Amino acid sequence: MHFEIWICPKGYSYKSSDVNKYAVDPTKYTYLFDGQVMKGDVILPKKPIEILDPKPVARDETVHQVEVIANQLRIRKTPSLNGDQLFICDKGIYNVLQSQEADGYTWLEIEIGRWIATREGEWTIDLPIVKVPTQEEIIIDLRAQIDKINKEMELKDKSITATENALKDALTVIESVRKAVA
């Protein structure tokens, strides 16, 4: 069997003369599991892939996590298709340390130096952070709401006082006009 991997731009039309332009080293994109062998003129180095390393974690709504829904998703050393394949992660939930865009994928770092390529809904599902406020945060928020209400009431009280003073002044003027007319 003859095996080549080419990385070509979208919409590319095949031309055999482009082999030097688009062909890449297939060893960067393939691997052998334990017990597999490769025979032929070119012997690829055996690269055992460990399963389930890193291991899935429990759902934690206070940190960014992703659920892997594909079997045997490759984990790479860097966020790139050229990155060495380190492991395979199985289905489960993983913490996300950071994300980057590269090679047409969103890459998620699920442990330091361990990256997976993702397409939302196809291989993974992004799990949102649902932060449950602490009792202290709730108290701070309630105090802020009370302060806001107190300021609004203070403004209303000042407005009422100003209106009362304006009415008293108007009554004084009316009373003085009434005395002048009488």
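Taking a straight line from the alpha carbon of residue 131, these aspartates and glutamates sit under 12 Å away, with near neighbours fewer than eight places off in the same chain left out: 60, 61. Over the chain, with a Gaussian network built from C-alpha contacts below 10 Å, which listed residue (75, 93, 139) shows the highest mean-square fluctuation? Comparing 75, 93, 139 in the GNM, the peak value goes to 139. Eigen-decomposition of the gyration tensor built on the alpha-carbon atoms of the chain gives equivalent ellipsoid semi-axes of 73, 23, 10 angstrom, largest listed first.
Between 23, 102, 117, the residue with the greatest mean-square fluctuation in the GNM of the chain (Cα pairs under 10 Å linked by springs) is 23. When only the Cβ of Lys, Arg, Asp and Glu is charged (+1, +1, -1, -1), the dipole of the stretch 59-161 relative to its Cα centre reaches about 40 debye.
Between residue 158 and residue 136, the contour length at 0.36 nm per residue exceeds the Cα-Cα span by 4.6 nm. To the nearest 0.05, what FRET efficiency results for residue 4 and residue 99 with a Förster distance of 30 Å applied to their C-beta separation? Efficiency, from the Cβ-Cβ distance: 0.45. Rounded to the nearest 10 degrees, the inclination of helix 135-181 to the longest alpha-carbon principal axis of the chain is 30 degrees.
Compared with the direct C-alpha span, the chain from residue 63 to residue 23 gains 10.4 nm at full extension, assuming 0.36 nm per residue.
Can you pull out the GluC sites (Glu not before Pro) in the stretch 78-182 that DSSP calls coil and that have at most 15 other Cβ atoms within 10 Å? Intermediate results must be reported in sequence, preceding the final value.
Numbers: sites: 101, 109, 111, 120, 122, 136, 137, 152, 154, 164, 175; in loops: 122.
Here the GluC sites (Glu not before Pro) that fit, given the DSSP loop and packing criteria, are 122.
Each helix, a run of at least 4 DSSP H residues, gives -39500 (n - 2.57); summed and divided by the residues of the chain, these come to -10000 deg cm²/dmol at 222 nm.
Straight distance only, please: which aspartates and glutamates reach the Cα of residue 179 with their own Cα at less than 17 Å, same-chain residues fewer than 8 apart left out? Filter leaves 169. Gyration tensor analysis over the Cα atoms of the stretch 143-182 returns equivalent ellipsoid semi-axes of 38, 4, 4 Å (largest first, whole Å). Taking all protein chains together and rolling a 1.4 Å probe, residue 24 ends up with roughly 50 Å² accessible. Comparing mean-square fluctuations of 22, 12, 105 from a GNM of the chain with C-alpha springs under 10 Å, the top value falls on 12.
The values are calculated or read from the model by the stated rules, or taken from the named source; none is laboratory data. Given the structure is predicted, the values throughout are model-derived calculations rather than measurements. Don't worry about glycine lacking a Cβ; one is built from the backbone with ideal geometry, like all the others, and counts go over all protein chains shown. These accessible areas exclude ligands, DNA and RNA; they are computed on the full protein's heavy atoms, side chains included. Shrake-Rupley method; radii C 1.70, N 1.55, O 1.52, S 1.80 Å.
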